[in-house]
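Presented below is the structure to which this report refers.
The values are calculated or read from the model by the stated rules, or taken from the named source; none is laboratory data. The structure presented is a predicted model; accordingly, all values stated were derived computationally and were not measured. Here Cβ is always computed from backbone atoms with ideal geometry, including for glycine, and neighbour counts include all displayed protein chains. We work out accessible area using only protein heavy atoms, side chains counted, and drop any ligands, DNA or RNA first. Shrake-Rupley method; radii C 1.70, N 1.55, O 1.52, S 1.80 Å.
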Amino acid sequence: MEYLSLSSGSISKLSGFATLLLILPYCSTFTCTEAYDALDPNGNITIKWDIMSWTPDGYVATVTMFNFQQYRHIQAPGWTLGWTWAKKEVIWSMVGAQTTEQGDCSKYKGNVPHCCKKDPTVVDLLPGTPYNQQIANCCKGGVINSWAQDPDTALSAFQVSVGAAGTTNKTVRLPKNFTLKAPGPGYTCGPAKIVRPTKFITADKRRVTQALMTWNITCTYSQFLAQKTPTCCVSLSSFYNETIVNCPTCTCGCQNNITHPGSCVNPNSPYSASVVSGPANSNTPLVQCTSHMCPIRVHWHVKLNYKEYWRVKITITNFNYRMNYSQWNIVAQHPNFDNVTQLFSFNYKALTPYEGLNDTAMLWGLKFYNDLITQAGPLGNVQSELLFQKDKSTFTFEKGWAFPRRIYFNGDNCVMPPPDSYPWMPNASSRQTLSLLYSILTALASMALALAFV
């Protein structure tokens, strides 16, 4: 079995603010999903607009989108970028992307612009686009990976030739009202701000050039804006308690085939085959009928206890019949991640959103092995095991300490079970009762043995 060995680390005592972070997962679903992400406080998507040359009636610009989010990526069917022109600009041509509509270009004779709309909407080109229509980092169908998982593919770019615009730094006007869908809602973009021109190093690294003018747009994500209901949930179990804590009922909605026919799939029903094989919209999940109705479930099982170590098994199950999750990742928060020793068949990266606090880990699949979670069915899951070294000053199985504080899947905060339902160790009174019973039985056995020799 493939594994990754990690050196042990140390963790400082939790500050008051860090302690507050551990409480946050237990608040309600909607109050925990604001735009600010405590585990990725600096995460955003930055759109850089570089004017590379002036033309007789405008300019040619390279637009680059950088995904500076540690673990949230843009998955298929990809990003959609929109804005409103400040004046009466048009797009003469594009390389590496295209607008979804041309608009009314009837006033132009002969050479017709690529787009004349006041509020153009731009999408990335698909893989396999002819080379003469490509630029670097384009044509990936709008898919952008997260920064921590694969920084080399955490950007997307296109070139745009703008007409009926300013032809100098003083006359050009910045576009307004930027919108980003990835692929649905969730991102809020701020206004464009002029920054220092971007500098570029030539291939031989002997010359530096720079853009004529540069402005940035910053977009931040809110799970609350992205979807009305959660997209994943967490279930728990342990070797020391026969209780299996399932995802809370109706975590991701309460639709069922009785009240909403066709809203979920019963694998044992002959009707399921026709539903799954029918027309599918990848943006709308079609999930297996479960009590929680979530597309994704992450199960955390406390598996074994050794003298110096303890072991956890993580299983990720896909209940969505319309989605293969490629380049997936999960983020887990637990105080013992400062001493994770060995990881089997997953990649690992420590996330330290706050200095001195190493309790957060990002996990994802090995390429060409388990980096794809196929759609719902017998093969729709991946799993791994984690080996932790114990810190005797903090380690305990009491009161649910062995379970994660929070878990994200593909950047979305998964709903945890209520803390009072966690599989706890037998309580103190139970242990005392067993100890007392053992003492009584031992005493009775001794008395019986003594009486036998009278």
Quiz item: Carbon and sulfur: what percent of the stretch 44-225's accessible surface (1.4 Å probe)?
Solution: 53
Quiz item: Once you list every other residue whose beta carbon is under 14 Å from the beta carbon of residue 91, what net charge do they have if Lys and Arg are +1 and Asp and Glu are -1?
Solution: -1
Quiz prompt | Over 31 Å between alpha carbons, listed pairs 118/140; 307/399; 181/205; 140/199; 88/199 | solution = 181/205
Quiz prompt | Mean separation of Cα contacts under 8 Å, 6 or more apart, over the residue count of the stretch 44-225: relative contact order % | solution = 31
Practice problem: List the residues whose amide H sits under 5 Å from the amide H of residue 304, counting only those 5 or more places along or on another chain, with H placed 1.01 Å from N in the peptide plane. | Solution: 311
Self-check item: Candidate aspartates and glutamates for bridging to residue 392, where Cα separation is under 12 Å - those fewer than 8 sequence places away on the same chain excluded
Solution: 308
Practice problem: Calculate the length of the line joining the C-alpha centroid of the stretch 49-89 to that of the stretch 211-244, in whole Å. | Solution: 25
Quiz item: Just how far, in whole angstrom, is the stretch 102-165 from the stretch 334-366 if you go by their alpha carbon centroids?
Solution: 37
Quiz prompt | Entries of 176/228; 313/367; 109/170 with Cα pairs more than 23 Å apart | solution = 176/228; 109/170
Quiz item: Sequence-distant or interchain residues sharing an amide H contact under 5 Å with residue 231, placed H: which?
Solution: none
Quiz item: Mind checking the log10 I(q)/I(0) for the stretch 44-225 at q = 0.18 Å⁻¹? Debye, one equal scatterer per Cα, no solvent, two decimals.
Solution: -1.30
Quiz item: Amide H to amide H under 5 Å from residue 326: which residues, 5+ apart in sequence or cross-chain, H placed 1.01 Å off N in plane?
Solution: 373
